[in-house]
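The values are calculated or read from the model by the stated rules, or taken from the named source; none is laboratory data. All values derive from a computational prediction rather than experimental measurement. Counting neighbours? That spans all protein chains shown, and the Cβs are built from the backbone with ideal geometry, glycine included.
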Amino acid sequence: MERVAFVFCLLLGLLSCEKGTGSFVFTGTVSDLTFNQGLEGAQIKLYKVPIGTSDEIFVQSSTLSGTGTYKFEVPRERMERYILRVEKDLYFPIEKEVYYSELSIQADNIFDLTTKAMSWAKIHFKNLNPSPTDHFRYIKQEGLTACASCCPSTTQDFYGELDTTFYCLNNGNTTYSLFYWELNTANNGQKSTFTTAFDTTLIEVIY
């Protein structure tokens, strides 16, 4: 009887030790969509966020090779979520939130990520013979939208004297275009440019 009790206690102890064990494996590929290759040289970092907090606790980091592949193996912990962040100069940063409920210890957790190179359109408008009644309008037709540094996609109006320059963020190796009007005149048209990755390209309207 004592032997049976001993074996039962031993099994119970082993089961209790196994509870909560295991590892989460985060793996995947980070791709540069502008040049169709791995995002070589980028930094990828993994953070964990405990339940009921907004604290981001650094876990691991890695520098990507030419293939863009990464792998993190971490002990299983009961967290609210994990965060993958990727950064490289002149590329749009990546942030991927992964909730605990999405993760498995039986198989690798694969998260393939993508980003693009940055470029800029330099916009210059100038009125050579300004009058207080002049009304100039433009609207973006092609170009990156819905980002913190993007130029607006709505109609923009200027009045009277005009000599302004501003920069519009765009995806590298894509087109940026706008349509403009000098109201109450026949002066209108489209301006378009190919914004080379990592570079700034001029769009100019002088009237």
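Any idea which of Thr114, Thr133, Thr145 is assigned to a loop (DSSP other than H, G, I, E, B), out of contact with any helix residue (DSSP H, G or I) (no Cβ under 9 Å at 6 or more places or on another chain) and closer than 30 Å to Tyr82 by Cβ?
Thr145 is the lone residue from the list that is assigned to a loop (DSSP other than H, G, I, E, B), out of contact with any helix residue (DSSP H, G or I) (no Cβ under 9 Å at 6 or more places or on another chain) and closer than 30 Å to Tyr82 by Cβ.
Kindly check whether there is at least one residue in the stretch 151-159 that is assigned to a loop (DSSP other than H, G, I, E, B), farther than 26 Å from Leu90 by Cα and over 25 Å from the mean Cα position of the chain (by Cα).
Checked the stretch 151-159: at least one residue is assigned to a loop (DSSP other than H, G, I, E, B), farther than 26 Å from Leu90 by Cα and over 25 Å from the mean Cα position of the chain (by Cα).
What number of residues within the stretch 88-118 satisfy the criterion of being in contact with a Leu (Cβ under 8 Å, 6 or more places away or on another chain) and touching a residue at least 40 places away in the same chain (Cβ under 8 Å)?
Number satisfying all stated conditions: 12.
Can you find a residue in the stretch 58-74 that is surrounded by fewer than 18 Cβ atoms within 10 Å (Cβ to Cβ), over 20 Å from the mean Cα position of the chain (by Cα) and more than 17 Å from Asp108 (Cβ to Cβ)?
The answer is no; no qualifying residue exists.
For residues that are part of a loop (DSSP other than H, G, I, E, B) and touching a Ser or Thr at 6+ places or on another chain (Cβ under 8 Å), scanning just the stretch 34-86, find the one that is farthest from Asn170 (Cα to Cα).
Across the stretch 34-86, the extreme among qualifying residues is Arg76.
Being free of Cβ contacts under 8 Å to residues at least 40 places away in the same chain and loosely packed, with under 13 Cβ neighbours inside 10 Å is the filter here; which residues of the stretch 169-187 pass it?
Thr185, Ala186, Asn187
Output the number of the condition that Lys191 fails; it satisfies all remaining conditions of (1) outside the structural domain of Glu77 (by TED's automatic domain parsing); (2) surrounded by fewer than 17 Cβ atoms within 10 Å (Cβ to Cβ); (3) over 19 Å from the mean Cα position of the chain (by Cα); (4) not hydroxyl-bearing (Ser, Thr, Tyr).
Going through (1) outside the structural domain of Glu77 (by TED's automatic domain parsing); (2) surrounded by fewer than 17 Cβ atoms within 10 Å (Cβ to Cβ); (3) over 19 Å from the mean Cα position of the chain (by Cα); (4) not hydroxyl-bearing (Ser, Thr, Tyr) one by one, Lys191 breaks only (2).
From the list Phe166, Phe125, which one is surrounded by fewer than 15 Cβ atoms within 10 Å (Cβ to Cβ), of a type in the set (Phe, Trp, Tyr) and either in a loop (DSSP other than H, G, I, E, B) or not assigned by TED's automatic domain parsing to the domain that holds Asp89 (or both)?
Phe166
Could you run through the stretch 169-190 and say how many residues are farther than 18 Å from Leu128 by Cα and part of a loop (DSSP other than H, G, I, E, B)?
2
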